[in-house]
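J.: A single structure is presented below for examination.
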Amino acid sequence: MTMQNLISLKELTALSTNAISATSHTELPTGGTTSQLVSSTFKQLSEQDLDFKQMINALSSSPETTSNPEKLSQLQSLIGEYSNYVSLVSTLAKKGVNTVETLGKAQ
């Protein structure tokens, strides 16, 4: 089961990266607002972040994972991926805020 969790976390990483990429290229639906797009994107990323945390916590509390150097190395790699994911989301959020501020000043 632990190996399945590791595989699931890798799949979640790939899905999250694809979701971030797709969101950054998403056009607003007819009648949609920027606020709705930001809100739905934030909700989606928050849910994925929660999934990441829960899996990492479950794996790190498992003696099966922490006693096996190979699995521990995989867990460490996944924690690194999570860190990169959080950094990416943070950077994209800052860029989004800067874009909105720039557009607001231009008006």
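The values are calculated or read from the model by the stated rules, or taken from the named source; none is laboratory data. Worth saying up front: this structure is predicted, and the values here are computed from it rather than measured. Quick reminder, even Gly has a Cβ in these numbers, built from the backbone with ideal geometry, and neighbours come from all protein chains shown.
J.: Among the residues of region 54-107, count how many are under 16 Å from residue 38 (Cα atoms) and not aliphatic (A, V, I, L, M).
T.: Of the residues in region 54-107, 8 are under 16 Å from residue 38 (Cα atoms) and not aliphatic (A, V, I, L, M).
J.: Also, I was wondering about something else. If you scan region 32-61, which residues turn out to be over 29 Å from residue 100 (Cβ atoms) and surrounded by 11 or more Cβ atoms within 10 Å (Cβ to Cβ)?
T.: Looking only at region 32-61, we keep the residues that are over 29 Å from residue 100 (Cβ atoms), and these are 54-61.
Residues satisfying the conditions are 54, 55, 56, 58, 59, 60.
J.: Within region 62-95, can you find the residues that are surrounded by fewer than 15 Cβ atoms within 10 Å (Cβ to Cβ), under 23 Å from residue 41 (Cβ atoms) and at pLDDT below 85?
T.: Scanning region 62-95 gives a single hit, 93.
J.: While we're here: Among the numbered criteria (1) touching a helix residue (DSSP H, G or I) at 6+ places or on another chain (Cβ under 9 Å); (2) modelled with pLDDT under 85, which single criterion is violated by residue 14?
T.: Going through the list (1) touching a helix residue (DSSP H, G or I) at 6+ places or on another chain (Cβ under 9 Å); (2) modelled with pLDDT under 85, residue 14 breaks only (1).
J.: Another question, then. Between a first residue in region 46-72 that is small (Gly, Ala, Ser) and a second residue that is modelled with pLDDT of 85 or more and in a helix (DSSP H, G or I), which pairs have beta carbons less than 8 Å apart while being 6 or more apart in sequence or on different chains?
T.: From residues that are small (Gly, Ala, Ser), the pairs are 60/75.
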